[in-house]
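Report on the structure given below.
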Amino acid sequence: MIRGKYQKLNLALVYLLLGAFIALTLFPFLMIISISFREGNLALGKILPDKISLEHWRFVLGLPYENAHGQIVQEPSVVLMWFWNSIKIAAFSSFLILLLSGSGAYAFARLRFKFRSNMLTSLMILQMFPQVLSLVAIYAILNFIGNYIPAMGLNTHPGLILVYLGGVSIYIWMIKGYFDTIPASIEESAMIDGASTFQTFIGILLPMSLPIFAVVFILSFISFIGEYPVASVCLVQTKQWTLAVGANSFLYDQNYLWGRFAATAVLSGIPITVVFMLCQRFLVSGLTSGGVKG
């Protein structure tokens, strides 16, 4: 009897802590949504606003809105331009990450060459240093490249994509670990039948590894679309900004446009949510299973 009471008490305590954790996690998200639907640009207030206003969303989407002077204004939406820039950069970067990490992981998992283990260790060590520490070097390198190839220098999307590809190391490790769960005998059997190395990779290994490739695409897409420090250094002109850089521009000194910032922040979460919802089954299977099912 006493044991049963203790179990109920422990269960109630677990639910209480879980509820508190969920509330703590959801509060910032709900507050951002609330600010985006408030009048004015105040950051403080109740979660449920007294009056719903669409002025900030109208500005973000390029629809007519009433400004502080009571005038109806319609401006071209720079936010939607930033939104498209973010989608484009994140998608291209993630696709190129798949190509580089997939081919690199195959080389480390299936081929035997000198300094293979040393190179793998070096990739992991390099990935341990935060990218923020190399911002000055990134700026200098892109400035140098821009002198010879302007399309890939500072203030260009290809230049930013090139910088993002430097984070390929961790994805090589992820895909290599998945490749290691697939017996090499499957590919050897195909080679005995006359298949080339490229054919075994495309026809056998790649289809069996789709879950981990989906995981890599999702994780890289999420990290790129919300990335701010590197993008803020590489992109200078307003028309080249990503959504993260553009959203920060609403927070001027002594003039914080929290409403516009909040609406832009909510907008940036839409593509992440869509990609995650479409690929969540691959995300779970790619992280929890190997290439060969028992």
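Brief remarks on what is shown
- Residue within the range 212-230 that is at pLDDT 85 or above, closer than 20 Å to residue 56 by Cβ and in a helix (DSSP H, G or I) present: no
- Check on residue 178, in the same structural domain as residue 232 (by TED's automatic domain parsing) and in contact (Cβ under 8 Å) with a residue 12 or more places away in the chain: yes
- Number of the condition not met by residue 283 [criteria: (1) surrounded by fewer than 21 Cβ atoms within 10 Å (Cβ to Cβ); (2) touching a residue at least 60 places away in the same chain (Cβ under 8 Å); (3) not in a helix (DSSP H, G or I)]: (3)
- Being touching a Leu at 6+ places or on another chain (Cβ under 6 Å) and not assigned by TED's automatic domain parsing to the domain that holds residue 245 is a condition met by no residue of the range 25-38.
- Lone qualifier among 126, 96 - being among the aliphatic types (A, V, I, L, M), surrounded by fewer than 16 Cβ atoms within 10 Å (Cβ to Cβ), in a helix (DSSP H, G or I) and in contact with a helix residue (DSSP H, G or I) (Cβ under 9 Å, 6 or more places away or on another chain): 126
- Meets criteria (more than 21 Å from residue 251 (Cα to Cα), in a helix (DSSP H, G or I) and at pLDDT below 85) for residue 120: no
- Residue check for residue 268: closer than 20 Å to residue 58 by Cα, among the hydroxyl-bearing types (Ser, Thr, Tyr), out of contact with any Cys (no Cβ under 6 Å at 6 or more places or on another chain) and buried (at least 17 other Cβ atoms within 10 Å of the Cβ): yes
- If you go through the range 165-211 and pick out every residue that is part of a helix (DSSP H, G or I) and either farther than 22 Å from residue 124 by Cα or among the hydroxyl-bearing types (Ser, Thr, Tyr) (or both), you end up with 26.
- Any hit, the range 39-58, residues being part of a helix (DSSP H, G or I), in contact (Cβ under 8 Å) with a residue 12 or more places away in the chain, surrounded by 12 or more Cβ atoms within 10 Å (Cβ to Cβ) and basic (Lys, Arg): no
- Residue 195 being closer than 30 Å to residue 278 by Cβ and in the same structural domain as residue 279 (by TED's automatic domain parsing): no
- Some residue of the range 72-90 being in a loop (DSSP other than H, G, I, E, B), loosely packed, with under 11 Cβ neighbours inside 10 Å and not hydrophobic (A, V, I, L, M, F, W, C): yes
- Being buried (at least 16 other Cβ atoms within 10 Å of the Cβ), farther than 20 Å from residue 97 by Cβ and out of contact with any Leu (no Cβ under 6 Å at 6 or more places or on another chain) holds for only one residue in 225, 186, 204, and it is 204.
The values are calculated or read from the model by the stated rules, or taken from the named source; none is laboratory data. Bear in mind the structure is a predicted one, so any value in this text is a computation, not a measurement. Glycine gets a Cβ as well: all are built from the backbone with ideal geometry, and neighbour counts include every protein chain shown.
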